[in-house]
1. Counting Lys and Arg as +1 and Asp and Glu as -1, each charge on the Cβ, what is the dipole of region B:48-208 about the Cα centre in debye, to the nearest 20?
2. Indicate the residues belonging to region B:5-27 that lose 50 Å² or more of solvent-accessible heavy-atom surface (probe 1.4 Å) upon moving from the chain alone to the assembly of all protein chains, ignoring ligands and nucleic acids.
3. How far is the Cα center of region B:171-189 from the Cα center of region A:83-118, in Å?
4. Roughly what would the spin-label model give for B:ARG129 and B:ASP173, points 7 Å off Cα along C-beta, in nm?
5. If you put +1 on each Lys and Arg Cβ and -1 on each Asp and Glu Cβ, how big is the dipole of the protein assembly as shown around its Cα centre, in Debye rounded to 20?
6. Using r as the Cβ-Cβ distance of B:ASN224 and B:ASN67, and R0 as 35 Å, what FRET efficiency do you calculate, to the nearest 0.05?
7. Measure out, as a whole number of angstrom, how far apart the alpha-carbon centroids of region B:218-290 and region B:108-151 sit.
8. If you count only protein heavy atoms and use a 1.4 Å probe, how large is the accessible surface of B:TRP6, to the nearest 10 Å²?
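The values are calculated or read from the model by the stated rules, or taken from the named source; none is laboratory data. Note that the structure is predicted; figures quoted are calculated from it, not measured. Cβ sites come from the backbone with ideal geometry, for glycine too, and all protein chains shown count toward neighbours. Accessible surface is based on the protein model in full, side chains and every heavy atom, while ligands, DNA and RNA are left aside. Shrake-Rupley method; radii C 1.70, N 1.55, O 1.52, S 1.80 Å.
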Amino acid sequence: MSIFTIDEVRKTFTNGEVKEEILKGVNLSLQEGEVTALTGASGSGKSTLLTIAAGLQSASDGQVIFEGENLTAMKPEHVRKIRAGKFGFVFQFAHLVTFLTVEEQLLLMLDVSGSKLNKQERKREIDKMLKLVEMDHRKTAYPTSLSGGEKQRVAIARAIIHQPKILFADEPTASLDSKRSKDVMALIRDLTRKLNIAALVVTHDEEMLSFADKIIKMSDGQIVQKI
Amino acid sequence: MMNMAWKEMKRNKGRFLILGSIVFLVSFLTFMISGLANGLSEDNAGLIKDLPEGHFYMTKEANKTYNLSRIDNNTQNDIFAKNSNTFALSIQMGFLNNHDGKQQSVAFVTSTQSKWFQHVKKGEVIFDRSVEDNGIKIGDTLTNKQSGGKLVVKGFVHHSKYSHVPVAYINMDDYKEMFRTSDMQLMYIPGEDKAPTFTGLQAFSKDQFLNTIASYKAEQMSLNMIIWFLIVISGMLFAIFFYMMNVQKMGLYGILKAIGVKTSSLFRMMWTQMAVITVIALILSIALSEVFNHMAPKGVPFQFTFEITFQLSVVFLIIGFIGSTLSGLQIKKVQPLQAIQQGEM
């Protein structure tokens, strides 16, 4: 079932008198329990599309429909609430909060999402999630003592601890070596299925496409291939 | 939101400790100078400061210099007739000699009947207790070389100084003899909100009158200037410190915003850190100032009052709040997108 739809989205940047169209009417939809990979050459518009879909920047035209509501027409505070409660984010770098331990990173996300769980339930949920990403043995560690792969695992746990509907991942493996990249992608795929999340993953790494249920190839601001 | 402010402080103890120690030193110095300013003002004009709110009158011709003012008996009687609580007073600097011929500088004060000033019989004197340090005791006889008259010490009072010398309360007849005048310099009407007007006389509130005393004004102005300068420095400290911290944390703020943290939560985090640092620094500097208050050498006119300390503490908190908020305005401008596109923090 389609939970998220991007409908004729355009993005134009104006630099002085020069207008540059980055996205030229893009359409796509995401299904629950599926990983959709967005791939293409650098500058093809895939990251711009992801950030517009995630409500991190506005579209020049078109609609982003989530749960029947158009994100592009919402007030910023409403978009923030959706980002906090129903979206999860994984970036190229883990971007963990340096002064919080692994479990506190997840606790922060539960706080931000306005989770109704009590203290005990939160603890249980965090333990469960850290087990899923195989980081339960490092829950009191600070980010400085984690490896790149471990950081990214914690970032994934942070992105889904609050049970979002959509997981947005922008080049989640770009800063990792090949083995760790595969581990991270496998983890995203497994969690997406297990937790019935719709995932949109931007990647330029062809090797990672094998972990996707759907592949969308972009070029020059347009979708050129859907597999 | 979980206590991020506290967790960051715990994790980065060093940098917050540095800021805290600087705020502590600045606030401690401010309290010390404020205690000194207060002590000096008591030392200089305790006699006037300790009176209740009211109005002083001196002749217009005196041009705001009270010891040039001469209020004759008729004018005094007119004012007494209209205001029952009123009293007339005069203050003159001078000295007395003990039996060894040693001089003791004093401020001679005499007044008509009033509950705020000491009254003695002719030939008697009551001193501020500080003269005891110079060996003057009850029963001693002191000589006034101007009039040749003798004064017997009847007692001592606390905190009664004027122009940094002890006050000597004397009888009006002795005063008239010593200074060869039957006029009084000042009239005082306590408790009036609005000063009644009298022909030929100029009214001054207590603060206005204190500021006519040249040494008092100069002393207090310079010390208050230092106090405000230190307060401004503390505000700038907060602004600069949090600016530097925020510049380093721009990426973090962007990511937190991206995952849905409210901008107001980030501001609250910064304000909490500012408040924790300031309150701890203030508690320590108040405690240390209180210790100094009890241990200060006798000659140091240090007076630490709860009221002024409380006011200064509130000012410190307000200034810290303004300083950190100004530097925190950058947080508002952070775009999540920029942070995501940047590298690892």
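1. For region B:48-208, the charge dipole is close to 160 debye.
2. So the qualifying set is B:LYS7, B:ARG11.
3. Cα centres, region B:171-189 to region A:83-118: 81 Å.
4. So the label points at B:ARG129 and B:ASP173 sit 3.1 nm apart.
5. Here the size comes out at about 840 debye.
6. The formula returns an efficiency of 0.85 here.
7. 53 Å
8. 120 Å²
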